[in-house]
Amino acid sequence: MFKYMLSSYKESENRSGVIKIYQQGAPSVLQYTKEVVPEPGPGQVQVRQAAIGLNFIDTYFRDGKFPVKSFPYTPGVEGAGTVEAVGPWVTDFKVGDRVGYHFIPGSYSEVRNVSTHQLITLPEDITFEQAAAILVKGFTARMLVRSIHQVSEGEVVLVHAAAGGVGSLVAKWAKSLGATVIGTVGSPKKRDNAIRNGADHVFLANCEGFANSVNEITKGKGVDVVYDGVGRDTFSQSVDLLHDGGKIVLYGSSSGQPEHINHASLRARDITLYTPALSAYITDYDSLQLYAADTFAAFHSGVFGDLSITKYPLSQVSQAHTDLESRLTTGLVILVP
């Protein structure tokens, strides 16, 4: 009996808060519960998370746009925290290490086990909240402005959702590389955020005269590249604002996928359409370390400026998803266990 009581006590000690969904649907399907976290297996460490990144892709796994393998399912793909336990065969990490990761599903939890081959050691001067805010979004911004299209001085770039998570970092990074940045926002109250993010010109995404204003800014030449994380609501206009030979990078679809893309028209104008996935650019440990080094260097050099971070308790993730999908959030959004 004493052995049973001791075992039960240890299990209750090891129970960790976690978000589960038992079916896909509205934000209300996100349920906060407790579960026992097992010891880390071979090649794994156990991380007590201090901050968890909230990304728009999380909503796709929740609402059914992206499939999940089985239920119950824990959403989320990035987090940062401290190593609490080390599994067999792990030599690169030890208890007490400060770590983060950018795409390991199941991050909506207080404590979890993760494989070490996708872990990043965090610099001492980057907080857990900052890390959880910029890993996926910072890596995505790096992919957009340095891999897909190398932004150069004198170019004009259009960044949709310039007050949002990825958009804000793209605007800042492009500005630091010498580009003129035109940003769009979804509401008037986000305009100041976009200006702080480095945008030289900011417009409401659906305002009248937007196209004429862009033509004036570019002296009728059109923009060099469009970074579009919105999709259906902005895509057609984005194409119209590009000069012949320009590029449109469709990296997200917060308003839905564009309808009826006229690929023949794009080819006739020599416009290149990219629909990138970060996983195609971070394919191994070396590329992961490269992206981490470049993103942390951008942070340290002041490219990102003061990060605007909005925090929600992990237990209120349903509200966080609702606000994100309603475009009520600005800047970088994280969950705090």
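The numbers here are math on the coordinates, done by the rules we state, and not lab data. Because the structure is predicted, anything quoted here is derived from the model rather than measured. Glycine gets a Cβ as well: all are built from the backbone with ideal geometry, and neighbour counts include every protein chain shown.
The simple Förster model, with R0 at 51 Å and r as the Cβ-Cβ distance, assigns F71 and K219 a FRET efficiency of 0.40.
Computed over the chain, the quotient of the alpha carbon radius of gyration and 2.2 N^0.38 Å is 1.06.
Each Lys or Arg adds one and each Asp or Glu takes one away; over the other residues whose Cβ falls under 12 Å from the Cβ of K137, this sums to +1. About the centre of its Cα atoms, the chain shows a dipole size close to 480 debye [charges on the beta carbon of Lys, Arg (+1) and Asp, Glu (-1) only; nearest 20 debye]. Once C-alpha pairs closer than 8 Å and six or more residues apart are averaged by separation and normalised to the residue number of the stretch 153-275, the relative contact order reads 21 percent.
Modelled label positions at H243 and S147, each set 7 Å beyond Cα in the direction of Cβ, lie 2.7 nm from each other. Under conditions of 20 °C and 1.002 mPa s, the stretch 233-313 yields 135 µm² s⁻¹ as its translational diffusion coefficient, taking Rh as the Kirkwood radius over Cα pairs in the Stokes-Einstein equation. A simple packing score, the average count of other Cβ atoms within 10 Å per residue, orders the peptides 207-216, 96-105, 307-316 as 96-105, 307-316, 207-216, with the highest score first.
Taking the Kirkwood radius as Rh and the Cα radius of gyration as Rg, the stretch 153-275 has a ratio of Rg/Rh equal to 0.93.
Full extension of the segment from Y32 to T275, taken as 0.36 nm per residue of separation minus the current Cα-Cα distance, would add 84.1 nm. Take the Cβ atoms of R196 and K94, set R0 to 51 Å, and the FRET efficiency comes out at 0.85.
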